[in-house]
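Working notes for the structure below.
The values are calculated or read from the model by the stated rules, or taken from the named source; none is laboratory data. Small disclaimer: the values here were computed from a predicted structure and weren't measured. In this analysis, Cβ positions are derived from the backbone assuming ideal geometry, glycine residues included, and neighbour counts consider all displayed protein chains.
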Amino acid sequence: MIVKETPLKDCYIIEPPVFGDDRGYFSIRHDKYAFAKAFPNHPPFVLHNESFSSYGVLRGLHLQKGDAAQAKLVRCVQGKILDVAVDYRLDSPTYLKHFTIELSGDNHKQLLVPRGFLHGFSVLSDTAIVNYQVDNTYQPETEFGIRYDDPTLNIDWQLPDSAVLLSEKDGKLDFLKL
């Protein structure tokens with residue numbers, strides 16, 4: 001696998017090997033030994049989640065706090081998304097900076113989002129299937145979020161406002177309070 005740095009501290013793009021021919025392709029999506037060699041201090045992933053969404057769905061921005069914090073390895077299996085990571089670690093040199101990347105079933109890229117980061121994505125294709133592995137269990141009482149359209153973050157989700165589809169929970173999130 002190829003590991004590339006992003007402008008955010010501890011956030012990485014991972015490009016798994018893909019072997020293609022006229023029949024299709026084969027890819028190793030996660031090799032725990034190669035991952036452990038590249039990230040020796042990273043805890044193992046304990047859950048593998050999947051979501052299916054249609055165009056305009058925007059999920060985020062979410063994180064879990066404290067001992068329930070989660071790192072995520074995100075990939076888009078089918079379709080195309082704009083994946084967004086926001087460094088929410090007070091002691092980080094990239095605090096409140098964000099990084100966006102297009103993840104798709106065609107480009108096979110993955111994003112490693114560390115603990116302490118807000119995460120979200122918008123669906124840019126008709127539909128998308130997104131997989132993400134996490135290194136901690138989901139604990140709803142520790143969940144925290146910021147509105148996707150927070151003016152301090154000023155994230156371009158690559159969707160017209162009229163197309164954005166939010167969950168009821170995401171529609172009630174607050175703006176940053178600095």
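Of note:
- Matching entry among K65, K109 (being closer than 29 Å to P17 by Cβ and either among the basic types (K, R) or surrounded by 22 or more Cβ atoms within 10 Å (Cβ to Cβ) (or both)): K109
- The set of residues in segment 28-49 that are surrounded by 12 or more Cβ atoms within 10 Å (Cβ to Cβ) and modelled with pLDDT under 90 comprises R29, H30, D31.
- Test: residue in segment 142-153 that is out of contact with any Lys or Arg (no Cβ under 6 Å at 6 or more places or on another chain), under 18 Å from T6 (Cβ atoms) and buried (at least 20 other Cβ atoms within 10 Å of the Cβ): no
- Looking only at segment 8-25, residues that are assigned to a loop (DSSP other than H, G, I, E, B) and at negative phi come to 7 in all.
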